[in-house]
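To start, the structure itself, in structure tokens.
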Amino acid sequence: MKVGDLVKPKHKYSYNEIGLGLIVKVEERFYAQGPMGEICDRLTIHWAHGETTQEPCTYVEKINVD
């Protein structure tokens, strides 16, 4: 994934959130071992509901807007 990609969480935890975000920063290979044992980037994501969070790349999936 790269800066500017539109993403959504793989699993929504709240139905009150829109669940769309824009990647604003990518820190490559930040996690030496991700949650599933893989090397993973850390993404800074600005969410549509106004919050900005840092998440492992395995937390979200890219939305295709072709």
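The values are calculated or read from the model by the stated rules, or taken from the named source; none is laboratory data. Only a predicted model underlies this, so the values are computations on that prediction, with no experimental measurement involved. Note: ideal-geometry Cβ built from the backbone for every residue, glycine included; neighbour counts use all protein chains shown.
Observations on the model:
- Leading residue by the ranking (surrounded by the most Cβ atoms within 10 Å (Cβ to Cβ)) among those in the range 41-64 that are farther than 10 Å from Met1 by Cα and acidic (Asp, Glu): Glu55
- Qualifying positions in the range 10-34 - modelled with pLDDT of 90 or more and loosely packed, with under 11 Cβ neighbours inside 10 Å: Glu28
- Selection count, the range 49-65, where residues are at pLDDT 90 or above and assigned to a loop (DSSP other than H, G, I, E, B): 3
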